[in-house]
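I have placed the structure first, in the form of structure tokens, so that the comments after it can refer back to it.
Here, each number is a calculation from the coordinates, and none is a lab measurement. Model, not experiment: these values are computed from the prediction. Cβ atoms come from the backbone with ideal geometry, glycine included; neighbour counts cover every protein chain shown.
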Amino acid sequence: MQFYTKTHAHYCGIDLHTKMMYICILNTSGEMVLHQNIATDPAKFLKLIEPFRDDLVIGVECIFSWYWLADTCEQHGLAFILGHALYIKAIHGGKSKNDKLDSEKIARLIRGGNFPMAYVFPAELRPYRDLLRRRNYLVHRRSEVLAHVKLTNHQYNLPAFEKHIGKKGNRTVVGDSDPRNHIVWGP
């Protein structure tokens, strides 16, 4: 695992959600210079961090809504790092957990050189990765449904299907006149 160890004048930890984001900025001595909850709006975000932009690193935990923030930081020349969600949870897990504390913990992990990094996938390749992930999910769901149909057939001790029902051409159409192709549900 790789940790972020570069030094900066300011360290920004963000607890990011779909509609709101809690921002905590620490200076080099660890003093909190900003701690605020704002809407997830690039213009508001850039305006809020404006006084600290000279030497600022922005870190966020890897969740599904980080793309826009990474792209905004890249467009404006800001250092952006993505934290590995599983390892961050292992490092700063505690009894108290809320957005305000999480943003501060992320900023402190970055400042202390203990921020576990995840790969920031390039913007031009993200649609392909997302497409493959969604396809993988749908393939798994399809397999589960087909297995469920077969198990239900066995549950009622019905004869096994003559053809592989995973293939579209082998499935029965309602109203098929050939009784050998009918799937009978129930006793």
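Miscellaneous remarks
- Gaussian network model of the chain, Cα within-10 Å springs - most flexible of ARG135, ARG126, ARG108: ARG135
- 3J(HN,Hα) along the stretch 123-129: 4, 6, 9, 4, x, 5, 5 Hz, from the Karplus curve 6.51 cos²θ - 1.76 cosθ + 1.60 with θ = phi - 60°, whole Hz, x for Gly and Pro.
- Ordering of 80-88, 113-121 by burial proxy (mean other Cβ atoms within 10 Å per residue, highest first): 80-88, 113-121
- Under a model in which nothing but the beta-carbon of Lys, Arg (+1) and Asp, Glu (-1) is charged, the chain shows a dipole of about 780 debye around its Cα centre.
- Those lysines that a straight Cα-Cα span of less than 24 Å connects to LYS168, excepting residues fewer than 8 apart in one chain: LYS150
- Ellipticity at 222 nm from helices only: DSSP H runs of n ≥ 4 in the chain, each -39500 (n - 2.57), divided by the residue count, give -12000 deg cm²/dmol.
- Here's the picture: charge each Lys and Arg Cβ at +1 and each Asp and Glu Cβ at -1 in the chain, and of TYR156, ALA118, CYS73 the one pushed furthest to the positive end of that dipole is TYR156.
- The relative contact order of the stretch 1-132, computed from alpha carbon pairs under 8 Å that lie at least 6 residues apart in sequence, is 35 percent.
- Cross-link partners of LYS47 among lysines (Cα-Cα below 25 Å; sequence separation of 8 or more within a chain): LYS6, LYS19, LYS100, LYS105
- Distance between the stretch 88-165 and the stretch 1-79 - C-alpha centres, whole angstrom: 25
- The stretch 39-75: chymotrypsin sites (Phe, Trp or Tyr not before Pro) in DSSP loop, at most 16 other beta carbons within 10 Å: PHE64
- Most to least packed among 136-143, 149-156 [average Cβ atoms within 10 Å]: 149-156, 136-143
- When exposed loop sites are taken as GluC sites (Glu not before Pro) in a DSSP loop with at most 13 other Cβ atoms within 10 Å, the longest stretch of the chain clear of them is 32-123.
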